[in-house]
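One structure is given here, and the rest of the page talks about it.
The values are calculated or read from the model by the stated rules, or taken from the named source; none is laboratory data. The model shown is predicted, which means the values in this text are computed figures rather than measured ones. No Cβ is skipped: glycine too gets one built from the backbone with ideal geometry, and neighbour counts run over all protein chains shown. Surface areas here come from the heavy atoms of the whole protein model, side chains and all, with no ligands, DNA or RNA. Shrake-Rupley method; radii C 1.70, N 1.55, O 1.52, S 1.80 Å.
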Amino acid sequence: MRSISIFGATGSVGMSTLDLIRRDPDAYRVVALTANSDVDGLARLARDMRAQVAVIGDSAKYGALKAALAGSGVEAAAGEVALVDAARTGADWTMAAIVGCAGLRPTMAALEAGGTVALANKESLVSAGALMMAMANRTQSTLLPVDSEHNAIFQCLAGGSLDDVARITLTASGGPFRTRSRAEMQDITPAQAVAHPNWSMGAKISVDSATMMNKGLELIEAAHLFPVGLDRIEILVHPQSVIHSMVEYRDRSTLAQLGSPDMRIPIAHALAWPQRMATPCQPLDLARIGRLDFEAPDPIRFPALRLARAAAEAGGVAPAILNAANEVAVAAFLSGRIGFIDIAMIVEDVLNRYSAPTPAAIDDVLAADAQARILAGNVMERMIA
Ligand code: NDP
């Protein structure tokens, strides 16, 4: 029986992970489940999965969580320190699926504990990639990519060597506005932006997919997980989301991983690794799909691609600044305060205004993150005024 913790259990990736675990309950013992504010959802899951502890990020909700878990035998905890403590308990396998840089400390704590960490929380790796990879190295914990593209690359690299890689191609659906002009993007609403054509995901990553910042974050994520050099990582738009990414070796042999666009497939890969497990996912029916299309990404209509590559090339704290400004701008867009095309403009403005020394510790990253959030807020206020 393996012990499992899921950070961000109430979210899209968390629920997909629980869906797989529920199908074989005798194989897993659930240690910690966490959420940010969804007390009812978290309490229901914790009771159902007989978790040891349920942690709510918002400490003001401790009382409500404790009441919701009364008589269940599940311990209730709240706040950022409790999240980190739960990560430190060191489950055999931890799903890092908190959204945003808020997942950084818990993810680092899980890596420090030395177990296997399945990483969905790309923002933490984008913000603190070098420190996170160094921690995984130091503790010999296993970091398994869950993002479908990075999971695909990981699979294509099995048995291969990074030294032999000529090129990594991250595929991108292009999002719901792939064919729209900049002018047509002016009036996009949050409801339109979260309606992804292929994937069902949380609101933040859905907006990131629509701006293509998601692919920019994934570029930075890939550069940390698969250090072949940024110039060897490219992005290719592939609207059907069937090929999840590709690795070309120096003999010009290209390996691709294909599958239905269902996050349970990469999650199952990380859950069963190094073995395989059955999933309830749809088999790939290429005859029905009929054709696979590809096109070059357009950094003019989707400036987030350009900004993310520039931040990756600058290195140091630049990716953390990019990420923090983007988180603020996406939240403002979702709440109707700014327009869709303002998101990348705010990120660019903050990147141009702020730099900091290369972070030596997580506190440095979080300080830069906090500063970038303040600046993004200021830029936004000026834009709205
Ligand atoms: P969701 O928004 O669906 O879920 C986010 C989870 O994180 C929820 O459990 C939420 O709790 C919790 N959370 C949010 N803010 C905080 C906080 N400040 N502190 C602690 N917990 C918090 O997101 P997704 O599941 O879509 O995405 C999760 C991560 O996985 C993201 O980094 C995303 O980029 C990545 N990812 C997602 C994919 C997908 O298909 N969804 C695909 C690939 C990567 P609550 O419910 O209480 O708000």
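Do you know the relative contact order of the chain, to the nearest whole percent, from alpha carbon pairs under 8 angstrom that are 6+ apart? Each step should come with its number before you reach the end.
Details: 738 pairs, mean separation 53.5, N = 385.
It rounds to 14 percent for the chain.
Taking 8 Å as the Cα distance limit and 6 or more residues as the minimum spacing, I'd like the relative contact order of segment 260-385 as a percentage. Let's see the in-between values first.
Values: 104 pairs, mean separation 28.5, N = 126.
In percent, rounded to a whole number, it is 23.
Non-local amide H neighbours of THR116 (under 5 Å, H modeled in plane, Pro and chain starts lacking H): which ones?
Excluding prolines and chain starts, which carry no amide H, the hits are TRP93, THR94, THR142.
Can you give me the % of accessible surface on segment 265-385 that is carbon or sulfur? Probe 1.4 Å, all protein chains present, nothing else counted. List each step's numbers first, then the result.
On the way: 3250 of 5960 Å².
Carbon and sulfur together cover 55 percent of it.
Take the solvent-accessible surface of the protein heavy atoms, probe 1.4 Å, and return the percent of it on segment 118-181 that carbon and sulfur atoms account for. Please list the in-between numbers first.
Details: 890 of 2020 Å².
Here carbon and sulfur together make up 44 percent of the probe-accessible area.
In whole Å and largest first, what semi-axes does the C-alpha gyration tensor of segment 1-89 yield when each eigenvalue is scaled by 5 and square-rooted? The partial results should precede the final answer.
Numbers: eigenvalues 74, 33, 30 Å².
Ellipsoid semi-axes (Å, largest first): 19, 13, 12.
Apply the Karplus parameterisation 6.51 cos²θ - 1.76 cosθ + 1.60, with θ equal to phi minus 60°, to every residue of segment 64-77 and state each ³J(HN,Hα) to the nearest whole Hz, in sequence, with x for glycine and proline.
5, 5, 4, 5, 5, 9, 3, x, 8, x, 8, 6, 9, 8
HN-Hα J couplings of segment 371-385 from phi, Karplus 6.51/-1.76/1.60, θ = phi - 60°, integer Hz, Gly and Pro as x?
5, 5, 5, 5, 4, 4, x, 5, 4, 5, 4, 4, 5, 6, 5
Sorted by average packing, counted as other Cβ atoms within 10 angstrom per residue and highest first, what order do 286-296, 54-64, 33-43, 211-221 take?
Working: 286-296: 9.8, 54-64: 19.7, 33-43: 22.1, 211-221: 27.1.
So the order, starting with the most tightly packed, is 211-221, 33-43, 54-64, 286-296.
For the chain, report the accessible area per residue in Å² (1.4 Å probe, heavy atoms, rounded to an integer).
42
Taking amide hydrogens as modeled 1.01 Å from N in the peptide plane, which residues meet the under 5 Å criterion relative to TYR28, leaving out close sequence neighbours?
For TYR28, whose amide H was placed from the backbone, the distant partners under 5 Å are ARG2.
Per residue of the chain, what 222 nm ellipticity follows from adding -39500 (n - 2.57) for every DSSP H run with n ≥ 4, rounded to the nearest 500? Spell out each step's value before the answer.
Working: 17 runs with 181 residues, N = 385.
It comes out at -14000 deg cm²/dmol, rounded to the nearest 500.
Quick one: check the C-alpha center-to-center distance for segment 156-220 versus segment 119-141, whole angstrom.
21
In whole Hz, what ³J(HN,Hα) sequence does segment 23-31 give by Karplus (6.51, -1.76, 1.60; θ = phi - 60°), x for Gly and Pro?
With the stated coefficients, segment 23-31 comes to 6, 9, x, 6, 8, 10, 10, 8, 8 Hz.
Post the alpha-carbon centroid distance, segment 243-293 to segment 3-76, in whole angstrom.
Computed from Cα coordinates, the inter-centre distance equals 29 Å.
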